[in-house]
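Values quoted throughout were computed directly from the atomic coordinates according to the rules given, and no laboratory measurement underlies them. Keep in mind it's a predicted model, so treat the numbers as computed, not measured. Neighbour counts run over all protein chains shown; Cβ positions are idealised from the backbone, glycine included.
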Amino acid sequence: MRTEVTKRFRFEAAHRLPDHKGKCRYYHGHTYTVEVRLAADTLDEGGMVVDFGVLKEKVGTWVDANWDHAMLLRRNDPLGEWLILHSMKVFLFDESPTAEIMASHLFDVARGMNTARVEVVALTIWETPDSYATVRC
């Protein structure tokens, strides 16, 4: 029997999508929600897929250090260099930081938790309460 567990994280960040035809081309912020889902065919000695505290330490700490209260920008966004020069928190992507790109990036980070027994099977990022992107393995 396969068992899944899910952990949610919230963080605040700003971004912009410079090639977007609508309002998202302007700098704006969101309260993002991340949901990470892990699965295992067997439980550990404690009866868990993974301890939620370990998941928080591995993924939540990465999110806090890199994305929480940061400006998320495409690498060639002219604002990025200025913000970095002024010691602001910036995370640069090779592509525009859409929810899809962010979910894919964080899925790769979370997959560092994969073991012979445990696998990250899905990661969802909500940009708003009604809009989200999901990456599945």
What residue among ALA40, ALA65, ALA103 shows peak mean-square fluctuation when the chain is described by a Gaussian network model with Cα springs under 10 Å? ALA65
Cα-based helix-to-principal-axis angle, 99-110 vs the chain, degrees rounded to 10: 40
Sticking with the crude label model, points 7 Å out along Cα→Cβ, report the distance from ARG25 to ASP64 in nm, one decimal please. 3.8
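Compare the peptides 125-136, 67-78 by average per-residue count of other Cβ atoms within 10 angstrom and give them in order, highest first.
Descending packing order for the listed peptides: 67-78, 125-136.
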Which one, GLY112, GLY47, GLY60, has the greatest fluctuation when you compute a Gaussian network model over the chain with C-alpha springs under 10 angstrom? GLY47
Other-chain or far-sequence residues with amide H under 5 Å of ALA13's (modelled H): HIS30, TYR32, HIS69
Cross-link reach list, lysines versus LYS56, counting only Cα pairs under 27 Å and skipping chain neighbours closer than eight places: LYS7, LYS89
Can you tell me the length gained on complete extension of the stretch LEU43 to ARG2, counting 0.36 nm per residue apart and subtracting the Cα distance? 13.8 nm
